[in-house]
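The values are calculated or read from the model by the stated rules, or taken from the named source; none is laboratory data. This one's a predicted model, so the numbers in the text were calculated from it and none came from an experiment. With ideal geometry, Cβ positions are generated from the backbone for all residues, glycine too; neighbour counts draw on all protein chains shown. These accessible areas exclude ligands, DNA and RNA; they are computed on the full protein's heavy atoms, side chains included. Shrake-Rupley method; radii C 1.70, N 1.55, O 1.52, S 1.80 Å.
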Number of protein chains: 2
Amino acid sequence: MTVTDIATRTYNHNFRLDPIVRSLLDTDFYKLLMLQMIRHLYPQVQATFGLINRSTHIRLADTIDEDELRAQLDHARTVRFTKKELIWLAGNSFAGQERMFAPDFLEWLADFQLPEYELRRVDGQFDLRFAGPWMMTTMWEIPALSVINELRSRAAMRDMGRFTLDILYARAKSKLWDKVERLRALPDLALSDFGTRRRHGFLWQRWCVEALKEGLGDRFIGTSNVLLAMDSDLEAIGTNAHELPMVLAALADTDEALRAAPYRVLEDWRRHYAGNLLIALPDAFGTKAFLAGAPDWLADWTGFRPDSAPPIEAGEQIIRWWQQRGRDPQGKLLIFSDGMDVESIEATYRHFHGRVRMSFGWGTNLTNDFEGCAPGGTTGLDPMSLVVKVIEANGRPAVKLSDNPAKATGDAAEIARYRRVFGQAGGRGAS
Amino acid sequence: MTVTDIATRTYNHNFRLDPIVRSLLDTDFYKLLMLQMIRHLYPQVQATFGLINRSTHIRLADTIDEDELRAQLDHARTVRFTKKELIWLAGNSFAGQERMFAPDFLEWLADFQLPEYELRRVDGQFDLRFAGPWMMTTMWEIPALSVINELRSRAAMRDMGRFTLDILYARAKSKLWDKVERLRALPDLALSDFGTRRRHGFLWQRWCVEALKEGLGDRFIGTSNVLLAMDSDLEAIGTNAHELPMVLAALADTDEALRAAPYRVLEDWRRHYAGNLLIALPDAFGTKAFLAGAPDWLADWTGFRPDSAPPIEAGEQIIRWWQQRGRDPQGKLLIFSDGMDVESIEATYRHFHGRVRMSFGWGTNLTNDFEGCAPGGTTGLDPMSLVVKVIEANGRPAVKLSDNPAKATGDAAEIARYRRVFGQAGGRGAS
């Protein structure tokens with residue numbers, strides 16, 4: 001007897017849109033933590049976010065159909081938090097803490113809708129912007145990135161046959177599992193999935209997360225993706241991001257206020273959160289300047305997430321700073337999450353093992369490593385450096401310097417001013 | 001909306017037997033060619049076939065449940081040729097020839113049923129025998145082997161989780177595709193699937209055949225599996241096997257008749273078949289003796305299938321023989337099918353390229369190569385050397401010497417007699 005589900009087959013014949021964003025929880029956990037604080041402290045701030053393609057050789061607008069992109073973004077705007085999701089946010093504990101989200105915040109979330117977007121094609125690229133209240137526009141970052149990355153993957157695979165796709169995924173699975181088996185050799189590893197924004201696709205990220213859960217056991221400590229955390233009973237991982245100091249810096253009226261902005265945002269943060277969430281990003285305007293000017297109470301925080309300097313260099317720099325401030329690094333936590341892969345995870349783990357607590361946020365190279373997997377080869381599945389960054393706050397340009405000059409964003413005159421205030425070096429180097 | 005095919009799910013809950021043999025065409029093509037001749041010339045001959053496990057360290061009866069084995073063998077006995085299959089056998093052309101199978105043979109096939117079997121457990125092994133008319137028992141060879149091999153695979157995978165199996169097959173697919181990409185570098189390759197008897201499982205063999213079709217194009221010339229040939233519109237590949245000279249040798253009353261038996265069977269063959277089917281197996285009792293005593297007309301046949309000597313050595317031996325008989329090897333065909341894998345296919349291809357036509361029958365290492373694929377490792381999926389051989393004809397013991405002493409089968413006294421008649425060397429060596 002041949003068994004075909006005729007209803008499904010008939011539905012597939014009339015298939016129109018395969019939505020990429022199907023849940024507002026399909027985002028990074030830090031967005032929800034930041035959102036609660038932004039809504040509480042800065043409900044009037046207007047912030048514009050914009051898409052920045054650092055891989056300028058990839059002409060996105062020639063690869064992805066504009067109508068398809070609009071259809072996906074429009075669909076994302078129809079999605080709301082479901083009752084089940086809000087109940088889970090209210091009832092689950094995060095980072096060991098109950099009732100992380102206040103009832104009035106959850107009530108407000110129930111009506112949340114992604115705000116409007118502006119999309120234009122400019123010279124082979126998409127100019128995609130989200131303007132409006134910060135507490136609305138901030139939520140576009142992750143869905144916008146995952147939509148664009150998945151549409152690009154789909155475009156690259158459009159002409160692949162059934163069999164080619166079978167080999168492609170067989171190889172990608174083998175490749176990831178080989179990485180898992182290598183990582184299993186690190187007994188005290190603490191690793192989490194940070195791959196939502198750069199993922200090949202949602203289903204592939206889900207498979208990767210299941211692979212880590214199966215293969216690493218306790219060493220896999222969770223995922224930044226809130227939906228996957230809920231569905232797989234994993235810990236939701238995340239704290240805060242560069243947009244906080246960037247917006248506060250943009251709002252600063254004087255150089256003095258600008259210099260104080262990165263610390264002010266951390267004062268805001270510690271009034272909202274505690275314990276394992278007390279993790280600071282040191283590199284928005286350069287780690288060197290940040291550490292030099294940091295208040296002493298910051299040395300009592302749980303740790304840092306160096307996000308743009310080479311991990312060993314950045315870690316040594318921070319360990320020295322803790323020692324200078326009289327704190328024992330052995331009780332502190334470093335979270336490495338910038339472009340990590342097995343080699344750099346192994347090297348960093350071995351370098352710092354026993355000297356400091358570590359955890360690794362594994363992103364692009366976890367959820368989007370298809371290099372060498374496509375029969376016949378393709379560059380269409382190579383990961384790209386795509387970000388959504390805050391570009392303006394209350395009409396003033398936002399700037400990021402970073403420890404990596406290639407990651408600097410913002411208006412040239414403003415970048416020059418920030419360099420004057422925070423130092424030229426961009427914070428690189430430990431000296 | 002969650003879509004579940006409730007009927008299928010409910011059926012699965014009550015799942016009893018997953019039949020391994022679902023069609024009598026799920027066998028090697030040569031069995032049908034031989035069967036037609038056996039029925040025509042030797043309908044009265046009684047032949048007993050028996051299972052021989054050359055991998056004696058694998059205690060099959062400790063691995064495979066006897067009841068499961070009986071259930072599968074019993075199920076195979078319920079299978080009949082379907083009308084569609086018989087119409088295809090009648091209407092398809094094989095080896096370029098129409099009406100390969102005579103109407104009266106096909107009419108007889110319509111009622112064909114696999115005969116009874118005798119199964120006992122002896123010291124951790126199965127003593128499995130098929131006794132009766134040769135034209136019935138011969139058909140058990142392939143289904144018996146594929147049933148046992150697949151039951152063994154299932155036993156090895158019984159405790160693997162859903163995820164482990166996913167990785168296992170992903171790796172096996174990647175591994176096979178890497179082989180396909182290497183073989184693609186051989187422009188004049190002619191390769192066929194000979195992997196039915198040793199396959200990991202039916203579905204896996206089907207995938208492998210589809211992979212070769214997709215990846216090798218014209219270089220993949222077909223499959224020995226008649227069912228897969230029919231379903232995938234591929235050429236059915238095969239000619240004849242050792243059982244023909246073995247039975248005729250067992251029936252020989254004198255040493256003279258014994259010496260003549262291997263050639264007599266080829267005279268039978270050329271009365272039934274022509275062209276590309278005129279392929280001789282030289283090694284049943286040693287290639288050296290076979291070639292030395294061969295009649296001149298055999299040098300006009302299309303070619304040979306050396307099946308137990310190292311391929312390059314065997315090929316050189318046969319090429320020299322053609323030259324001695326004044327035939328041009330460039331127009332001749334050698335079929336290599338003994339334990340081939342990518343390395344030996346490449347080496348043999350490069351060695352003989354331009355000097356003789358070649359084709360490769362790829363068996364165990366095509367359809368059952370799971371080495372290194374199981375997460376955590378297992379030896380349960382390593383291929384084993386399992387054969388079903390004729391052991392008696394009309395009550396007299398059957399013998400095979402082979403070019404490889406490890407492949408000799410039969411009664412010790414008879415082996416000694418055959419060695420006296422055909423030569424001690426077992427035919428190895430070109431001198």
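Screening residue A:56 with (1) part of a helix (DSSP H, G or I); (2) of a type in the set (Val, Ile, Thr); (3) modelled with pLDDT under 95 gives one miss only, at (1).
Taking the criterion of being open to solvent by less than 50 Å² (accessible area, probe 1.4 Å), out of contact with any helix residue (DSSP H, G or I) (no Cβ under 6 Å at 6 or more places or on another chain) and farther than 16 Å from residue B:349 by Cβ, the only residue of segment B:175-195 that qualifies is B:194. Of a type in the set (Lys, Arg) and in contact (Cβ under 8 Å) with a residue 12 or more places away in the chain: is that true of residue A:271 in this structure? In short, no.
If you go through segment B:196-217 and pick out every residue that is small (Gly, Ala, Ser), under 16 Å from residue B:232 (Cα atoms) and touching a residue at least 24 places away in the same chain (Cβ under 8 Å), you end up with 2.
Results for (1) polar (S, T, N, Q); (2) farther than 27 Å from residue A:196 by Cα; (3) assigned to a helix (DSSP H, G or I), shown as yes or no for each residue.
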{"residue": "A:212", "(1), (2), (3)": "no, no, yes"}
{"residue": "A:215", "(1), (2), (3)": "no, no, yes"}
{"residue": "A:233", "(1), (2), (3)": "no, no, no"}
{"residue": "A:238", "(1), (2), (3)": "no, no, no"}
{"residue": "A:244", "(1), (2), (3)": "no, no, yes"}
{"residue": "A:253", "(1), (2), (3)": "no, yes, no"}
{"residue": "A:259", "(1), (2), (3)": "no, yes, yes"}
{"residue": "A:265", "(1), (2), (3)": "no, no, yes"}
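Residues in segment B:5-41 that are more than 25 Å from residue B:197 (Cα to Cα) and not in a helix (DSSP H, G or I) were compared, and the one that is least open to solvent (accessible area, probe 1.4 Å) is B:5. Number of residues in segment B:255-268 that are free of Cβ contacts under 8 Å to residues at least 12 places away in the same chain and farther than 18 Å from residue B:36 by Cβ: the value is 3. Among the residues of segment A:48-63, those identified as crowded, with 19+ Cβ neighbours inside 10 Å and either under 30 Å from residue A:222 (Cα atoms) or among the basic types (Lys, Arg) (or both) are A:49, A:50, A:51, A:53. Whenever a residue of segment A:161-177 is more than 8 Å from chain B (Cβ to nearest Cβ), its partners that are surrounded by fewer than 22 Cβ atoms within 10 Å (Cβ to Cβ) and part of a helix (DSSP H, G or I), lying with C-beta atoms within less than 6 angstrom and at least six residues away or across chains, give the pairs A:176/A:211.
Scanning segment B:295-319 for residues that are out of contact with any strand residue (DSSP E or B) (no Cβ under 9 Å at 6 or more places or on another chain), of a type in the set (D, E, K, R) and under 23 Å from residue B:404 (Cβ atoms) turns up B:313, B:316. Condition check for residue B:232 on (1) open to solvent by 10 Å² or more (accessible area, probe 1.4 Å); (2) over 27 Å from residue B:134 (Cβ atoms); (3) more than 14 Å from chain A (Cβ to nearest Cβ): one failure, at (3).
Against the test of being more than 30 Å from residue A:214 (Cα to Cα) and not aliphatic (A, V, I, L, M), the options B:130, B:163 yield a single qualifying residue, B:130. Put simply, of A:214, A:256, A:210 the only residue that is open to solvent by 10 Å² or more (accessible area, probe 1.4 Å) and in contact with a Phe, Trp or Tyr (Cβ under 6 Å, 6 or more places away or on another chain) is A:214.
Each residue in segment A:274-326 was checked for being touching a residue at least 60 places away in the same chain (Cβ under 8 Å), part of a helix (DSSP H, G or I) and open to solvent by less than 30 Å² (accessible area, probe 1.4 Å), and 6 of them qualify. Considered as a group, the residues in segment A:178-199 that are closer than 23 Å to residue B:373 by Cβ and under 23 Å from the mean Cα position of the chain (by Cα) include one that is nearest to the other protein chains (Cβ to nearest Cβ), and that residue is A:180.
Taken over segment A:64-103, the residue count meeting the criterion of being open to solvent by 60 Å² or more (accessible area, probe 1.4 Å), in contact (Cβ under 8 Å) with a residue 60 or more places away in the chain and not in a loop (DSSP other than H, G, I, E, B) is 2.
Checked against the criteria, residue B:102 does not count as in contact with a Leu (Cβ under 7 Å, 6 or more places away or on another chain) and either more than 12 Å from chain A (Cβ to nearest Cβ) or closer than 24 Å to residue B:397 by Cβ (or both).
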